[in-house]
Amino acid sequence: MNLIIQGAAPSERDLQQIARLSGARQTERLGAGAWRLTGAEQRPAVAEYCERAGLDFGFVPEDRKLVDMRLLAIDMDSTLITIECIDEVADLAGVKAEVSAITAAAMAGELDYAQSLQRRVGLLRGLEQDALARVYDERLRLTPGAEIMLAAMQGAGIKTLLVSGGFSFFTERLKRRLGLDYSISNVLEMEGGRLTGRVTGGIVDAEGKAAKVRALRQELGIAKAAVIAIGDGANDLAMMAEAGVSIAYRAKPLLRGKAGYALDHTGLDGVLNLFS
């Protein structure tokens, strides 16, 4: 296995210690803050050391290459972008604290997602539609490294799917802006230029995300091993089970413990080093 180490500034001592703990034969620099240790063995001591040192790590098969992947499924809120859109919309409605608390509990797996979404959207009833545009224009920011990662994925011929338990107002704009191939999300109901407090159609919850990945795999003839899934919350677990490579990005503990890899100290461009 190759062992990928990433962080703000791994010290020489850190790399030497990790090489010793993993039995790695050689250390190679991949780029700023990223190193590959070849011939490593998966040992619990590596995870324990990296946790203390504030470093991301990943054991990667030596023959894994980005060009062998066919589909990237990535969550939107707090993954591709830095905000939770519904929380920021709620801020303009004066109910951010209440909505944010429900969001946090849902992402931690403490609440049923569909019910939590209905509760949160209900609190937005009567808000002018223009508030959505304000959030997109004034508050929405891409996660550091997102554009670098997407450019590399698209350059390798990988199809891209934006999955979200959030809203189509944001996913469709990001899809056009970033040249993504597919998206799935919830649609807010509007009447007279204001939110009704309801969504139209079925709710995109954990199973909705997973079902979209399965459908695309079947449509495109893609094996599970050729799918990458990236997310941060409990409602991404089912989607990740449909992927050969699952990555928890700045994720909640429930997801972090079940994903194949966890990135807590690097940008989304750090995903690419897991295919070096």
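The values are calculated or read from the model by the stated rules, or taken from the named source; none is laboratory data. Every value quoted in this text rests on a predicted model; they were computed, and no experiment measured them. Methodologically, a virtual Cβ is constructed for each residue, glycine included, from the backbone with ideal geometry; neighbour enumeration extends over all protein chains shown.
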Out of the residues in segment 189-208 that are more than 28 Å from residue 241 (Cβ to Cβ) and of a type in the set (Asp, Glu), state the one that is surrounded by the most Cβ atoms within 10 Å (Cβ to Cβ). 189
In segment 174-188, anything of a type in the set (Lys, Arg) and crowded, with 16+ Cβ neighbours inside 10 Å is listed as 175
Given the conditions (1) in contact with a Ser or Thr (Cβ under 8 Å, 6 or more places away or on another chain); (2) outside any helix (DSSP H, G or I); (3) of a type in the set (Asp, Glu), which single one is not true for residue 87? (2)
Give the residue that is nearest to residue 266 (Cα to Cα), with candidates limited to residues of segment 24-60 that are aliphatic (A, V, I, L, M) and assigned to a loop (DSSP other than H, G, I, E, B). 55
Return yes or no: is residue 73 in contact with a strand residue (DSSP E or B) (Cβ under 8 Å, 6 or more places away or on another chain), aliphatic (A, V, I, L, M), in contact (Cβ under 8 Å) with a residue 40 or more places away in the chain and under 27 Å from residue 152 (Cα atoms)? yes
Go through the residues of segment 97-113 one by one and say whether even a single one is outside the structural domain of residue 263 (by TED's automatic domain parsing), acidic (Asp, Glu) and either assigned to a helix (DSSP H, G or I) or at pLDDT 95 or above (or both). no
From the list 117, 124, exactly one residue is buried (at least 17 other Cβ atoms within 10 Å of the Cβ) and part of a helix (DSSP H, G or I). Which is it? 117
Out of (1) in contact with a helix residue (DSSP H, G or I) (Cβ under 7 Å, 6 or more places away or on another chain); (2) closer than 15 Å to residue 188 by Cα, the one residue 74 does not meet is (2)
Total residues in segment 61-80, condition out of contact with any Cys (no Cβ under 8 Å at 6 or more places or on another chain), of a type in the set (A, V, I, L, M, F, W, C) and not in a strand (DSSP E or B): 4
